[in-house]
């Protein structure tokens, strides 16, 4: 199966190792992975700020880059959700709407691709640490990667299912298991006070419950939380879930 | 001028411990709601049903309202129609004038807050005493409520003690909730007994019977209405439900969502005036038909004012109700307020991370976080966005639309961060105030890929 690897802009620029781990993971399970070199961004930073009408060029680029793949996979629930909900061909290019639809239907966040499409049951990874999972809202509430605490429904969690396949991982139980970290895209600077406070509170929950390594499916939330951890000089390491799923420590 | 949400929230967050206390108090209410919801196995089905009933109501609002009017009149209730807040206030004043009354009691009604009835009546020489304890507290403090169900949730009991000492003569330093409540009750008792007109809100109005239902925990609406010669009930036109049987859905959801109680202590049905009493109902539009016409925002009118979205909202819990500068705060307020005034409330849809928790707790399944996103688009397109932001967004879009420009600026950005960090790590960068910037890697993923797989 031909998989197009979509590495979000901030992962590309700041967290190349997350992209590498994602690539290795997909290759390990026999996917034929390519990284279209002309990709940039899904357009979400503009759209969530109220400027969806400025995302046409990003959309065109995205369609050109990814239309030919069987699946498009990305290590970010948030960017995947944006594409799923908002990718359309620019109005002047309606002939490409079919390609946009194909992408919207075939784009997957990494963990759901592993559990639902590749049906991974064994990872041969080892990571002997107490791991605290941050459930990013767009992945959880948007893509339903795990059950939401507000709903009276059966619990499940795709990222936890995978982490449980990693030898010696001890998952930390949090007091608030799916509260938002406060990143929120441009919210993190437009509403700096609340954003920072939310980040501080999330980290406190991890500190209190003994997290050694903080992980999650969205590097954007983790970048914000890592910023809080480093400012406060806390002994918590931050890693994307792809890095733990490929770990052999 | 109204202070925008971000500025008010920043001020709120200056007191770290108080913010912790506010967040934990409301989180406790959210947990109570969870326990109540999880005790009902068919909870999600109830939410679906409630949402569908309201869907039907919104699609047939005109007929249900007329049906309600006809049946209410048959019951002996006088029905008034108000196009906006001003008309609503005028109607109330005219009833009071006719009665020759200058002092009234009022139980909780967010609609009268929305219409700014209290200041209007004060200007016209009428004294209003709010009889809900929480509302009485904020009234004595000369503040608006900060929460639609828990109006004084931002006040600590010690502070209420000081307030009551000043206004009600309780002993100095007394912060005992039972004693303070008793003092408020004593004080209110005299008002209940002497005021001839009582205003209440309306939680549900039943079209088929012409009755309306008022839900309170304190019984203050009943006390006011039963002791007064004239009962005026004020309701937004979206409060209609088709049949009495539908209360079986809404009453099960309302209190569980609001406070985690199985049902409000009092769910009082007012069907007709008792002998010698006058009963009025004021049906208020005030922008609701405009919202009904906005397809993407129509569902916001399903709201039953339970406040669950506020209690779960991580932003509301850490910024307080007053930071929303609107009668209804929190996520639901942020999608209702722009309909009333886009210029004044343009900041509110941005006071959210779009985490989606609000939509999940909403008992009538309003897609609140999606409407927040949609309002952002509408506000931006209609010119309610700061010019600097527009320019920034255009520049960002230009960079991200061009792969080679993107790669170059990414590289420059990482180089700058690695070599001249003070360019970004300074007080002008809001990120850096309480967070470190990411450590820039030597190469991007794209560069690594070209070397290793290209």
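So here's what we get for this one:
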{"item": "For the range B:143-261: Kirkwood Rh in Å [reciprocal of mean 1/r, alpha carbons]", "result": "16.6 Å"}
{"item": "Peptide-level mean, for B:355-365, of C-beta atoms on other protein chains within 10 Å", "result": "4"}
{"item": "Efficiency of FRET between residue B:102 and residue B:3 - r from beta-carbon atoms, R0 25 angstrom, step 0.05", "result": "0.15"}
{"item": "Antiparallel bridge percentage (DSSP; both residues within the protein assembly as shown; nearest 5)", "result": "15 percent"}
{"item": "Binned Cα-Cα distance frequencies in the range B:1-102 - 10 Å width, integer %", "result": "11, 16, 20, 30, 21, 2"}
{"item": "For the range B:60-286, radius of gyration divided by Kirkwood radius, i.e. Rg to Rh on alpha-carbons", "result": "0.97"}
{"item": "Pairs of Cα atoms farther than 32 Å apart, the protein assembly as shown, %", "result": "55 percent"}
{"item": "Distance-filtered residues of the range B:391-435 - backbone nitrogen under 11 Å, label point 7 angstrom along residue A:38 Cα→Cβ", "result": "B:402-404"}
{"item": "For the range A:2-117, convex hull of alpha carbons as volume per residue, Å³", "result": "90 Å³"}
{"item": "Kirkwood hydrodynamic radius (C-alpha pairs) into Stokes-Einstein, the range A:145-197, 25 °C and 0.890 mPa s, D in µm²/s", "result": "181 µm²/s"}
{"item": "Gaussian network model of chain A, Cα within-10 Å springs - most flexible of A:155, A:235, A:90", "result": "A:155"}
{"item": "FRET efficiency for residue A:28 and residue B:263, using Cβ-Cβ distance with R0 set to 35 Å, rounded to 0.05", "result": "0.05"}
{"item": "Taking the convex hull of Cα positions in chain B, its mean projected area over all directions (nm²)", "result": "26.3 nm²"}
{"item": "Kirkwood hydrodynamic radius of the range A:145-249, Cα pairs, Å", "result": "14.7 Å"}
{"item": "As computed over the range B:56-155, the Cα convex hull volume per residue (Å³)", "result": "127 Å³"}
{"item": "Label-reachable residues, the range B:26-56, where backbone N falls under 11 Å from a point 7 Å from residue A:85's Cα toward its Cβ", "result": "none"}
{"item": "Calculated P(r) of chain A - Cα pairs past 32 Å, %", "result": "19 percent"}
{"item": "Inter-label distance for residue A:119 and residue B:44, nm, one decimal - labels placed 7 Å from Cα along Cα-to-Cβ", "result": "2.4 nm"}
{"item": "Normalised contact order of the range B:60-286, rounded percent, pairs of Cα under 8 Å and 6 or more residues apart", "result": "29 percent"}
{"item": "Reduced Cα scattering model of the range A:62-186, Debye log10 I(q)/I(0), q = 0.11, 0.13 Å⁻¹", "result": "-0.47, -0.63"}
{"item": "Cβ-Cβ FRET estimate between residue A:97 and residue B:405, R0 fixed at 30 Å, reported to 0.05", "result": "0.65"}
{"item": "Hull shadow area, averaged, the range B:350-397 [alpha-carbon convex hull, nm²]", "result": "4.0 nm²"}
{"item": "Chain A, relative contact order [Cα under 8 Å, separation at least 6], %", "result": "20 percent"}
{"item": "Rg in Å to one decimal, and Dmax rounded to a whole Å, for the range B:387-452 via C-alpha atoms", "result": "13.9, 43"}
{"item": "Label-point separation, residue B:141 to residue B:94 (7 Å along Cα→Cβ), nm", "result": "3.7 nm"}
{"item": "Residue order, fewest to most surrounding Cβ atoms within 10 angstrom, among B:280, B:5", "result": "B:280, B:5"}
{"item": "Label zone at residue B:274 (point 7 Å along Cα-to-Cβ), backbone N below 20 Å, the range B:166-210", "result": "B:188-202"}
{"item": "Ratio of Rg to Rh over the range B:245-360 (Cα coordinates, Kirkwood Rh, two decimals)", "result": "1.03"}
{"item": "Ratio of the Cα radius of gyration of the range B:218-296 to 2.2 N^0.38 Å, where N counts its residues", "result": "1.33"}
{"item": "Separation of the residue B:370 and residue A:170 label points, Cα + 7 Å toward Cβ, nm", "result": "4.3 nm"}
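Throughout, read-outs are computed from the coordinates displayed, never taken from laboratory work. Remember, predicted model here, so these are calculated numbers, not experimental data. In this analysis, Cβ positions are derived from the backbone assuming ideal geometry, glycine residues included, and neighbour counts consider all displayed protein chains.
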